[in-house]
1. Can you tell me which residues in the range 217-235 are under 14 Å from V150 (Cβ atoms) and either open to solvent by less than 70 Å² (accessible area, probe 1.4 Å) or without any contact (Cβ under 8 Å) to a residue 24 or more places away in the chain (or both)?
2. Within the range 80-107, track down each residue that is open to solvent by 70 Å² or more (accessible area, probe 1.4 Å) and hydrophobic (A, V, I, L, M, F, W, C).
3. Do we find that L93 is in a strand (DSSP E or B) and within 17 Å of I175 (Cβ to Cβ) in this structure?
4. If a residue has to be aliphatic (A, V, I, L, M) and over 16 Å from V88 (Cα atoms) to count, how many in the range 155-167 make the cut?
5. How many residues does the range 108-139 contain that are more than 18 Å from V202 (Cα to Cα), free of Cβ contacts under 8 Å to residues at least 24 places away in the same chain and either hydrophobic (A, V, I, L, M, F, W, C) or surrounded by 20 or more Cβ atoms within 10 Å (Cβ to Cβ) (or both)?
6. Go through the range 125-178 and give me each residue that's under 30 Å from R96 (Cβ atoms), within 12 Å of the chain's Cα centre (by Cα) and modelled with pLDDT of 95 or more.
7. Can you tell me which residue among S114, S125 is more than 19 Å from T226 (Cα to Cα) and part of a strand (DSSP E or B)?
8. Take the residues of the range 194-216 that are surrounded by 21 or more Cβ atoms within 10 Å (Cβ to Cβ) and of a type outside the set (A, V, I, L, M): which is modelled with the lowest pLDDT?
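The values are calculated or read from the model by the stated rules, or taken from the named source; none is laboratory data. None of these values were measured; they are calculated from a predicted model. A quick note on method: Cβ atoms are made from the backbone with ideal geometry, for glycine too, and the neighbour counts reach across all protein chains shown. Protein only, heavy atoms only, side chains kept; ligands, DNA and RNA dropped before computing areas. Shrake-Rupley method; radii C 1.70, N 1.55, O 1.52, S 1.80 Å.
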Amino acid sequence: MTAAWFAAVAFAAVVALTFTVVVERGRSARLRAQLEASNGELEHLQRACSRLAPDGVVQRLIDAGSADGGDPMVPERKVATALFADLVGYTALSERLEPAALARVLNGYLQRMSDAIHEHRGHVSTFLGDGILAYFGALRPDPWQCGDAVTAALAMRAAVADYNRELAAEGLPPIGVGIGIHRGPGLAGLIGSRERMEFAFVGSTVNIAARVQGLTRVHGVDILVTEEVRGELEGAFVVDSMPAEHVKGIVDPVPTYAVRSRSEVAAEAPASRGGVTDGLR
């Protein structure tokens, strides 16, 4: 065999090796691109699902599903705090605004209320027209759930005041919010049909919170809590006792308390999540 033959064989081997490397690099590049595209799609899907479920539910579904394939969120009985909020002044807005402008104002209100709830460890369950149903302590344990709910309500009051300044600059009428808060037992977990399920807290606790919200118009206040909530606040908030009222579905009159503000001592110690003085007057 001549030197020319060996040179030809060596050249052919180099060409084959180079082709193999190029092909493998191409496959790796395509695989990497596919993985990146899949990750992007999964992140987009997770963000989309997060708009339909409380923060943390989607991740728990993913984690549990990848672990053993079992039911990741079996409903369980819990004691949680329900907050029901309703927009005041919607009728006046709806009579003055075109649908697109009305939707923009309504979305701005719902966003601000949701932010206030999330910032204080609450979870928005659903929007009921211009109403909001939120839970504290239903998705994950929260020993300060009542204080968190009332703090969120005060933040919602402040957010509405800020929003009204924006609306006034546009020549629009002010809005208000009525909030009812109640604490009690219920069934927490994924509830629904095969076609549609949602994380919910089911029971009379939610119904009472909605009824108490309705009493805000009766008493002319914006935030009302029940005795079950007031008893857990330990004086961290200033509240006024309201006359007990009959509400639908409950035999005995329901005593409520209007929340005015945080108590002075509690306001001086914002790091504490517990109550410090008796703010009932």
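1. The first filter runs over the range 217-235 and keeps only residues under 14 Å from V150 (Cβ atoms), leaving 221-235.
Selection gives V221, D222, I223, L224, V225, T226, E227, V229, R230, G231, L233, G235.
2. Quick first cut of the range 80-107, residues open to solvent by 70 Å² or more (accessible area, probe 1.4 Å) only: 90-91, 95-96, 98-100, 104, 107.
Hit for the range 80-107 is A100, nothing else.
3. Numbers: in a strand (DSSP E or B): no; within 17 Å of I175 (Cβ to Cβ): yes.
No.
4. The first filter runs over the range 155-167 and keeps only residues aliphatic (A, V, I, L, M), leaving 155-156, 158-161, 167.
The next check asks that each one be over 16 Å from V88 (Cα atoms); those that pass are 155.
So the answer is 1.
5. First, the residues of the range 108-139 that are more than 18 Å from V202 (Cα to Cα): 108-121, 129-130.
Going one step further and asking which of them are free of Cβ contacts under 8 Å to residues at least 24 places away in the same chain, we end up with 110-111, 114, 129.
With either hydrophobic (A, V, I, L, M, F, W, C) or surrounded by 20 or more Cβ atoms within 10 Å (Cβ to Cβ) (or both) added as a condition, the list becomes 110.
The total comes to 1.
6. If we filter the range 125-178 for residues that are under 30 Å from R96 (Cβ atoms), which is where we start, we get 126-134, 152-178.
From the residues that got through so far, the ones that are within 12 Å of the chain's Cα centre (by Cα) too are 126-127, 132-134, 152.
Scanning the range 125-178 gives I132, L133, A134, A152.
7. Details: S114 fails: part of a strand (DSSP E or B).
Going through S114, S125 in turn, the sole match is S125.
8. Per the stated criteria, the residue is F199.
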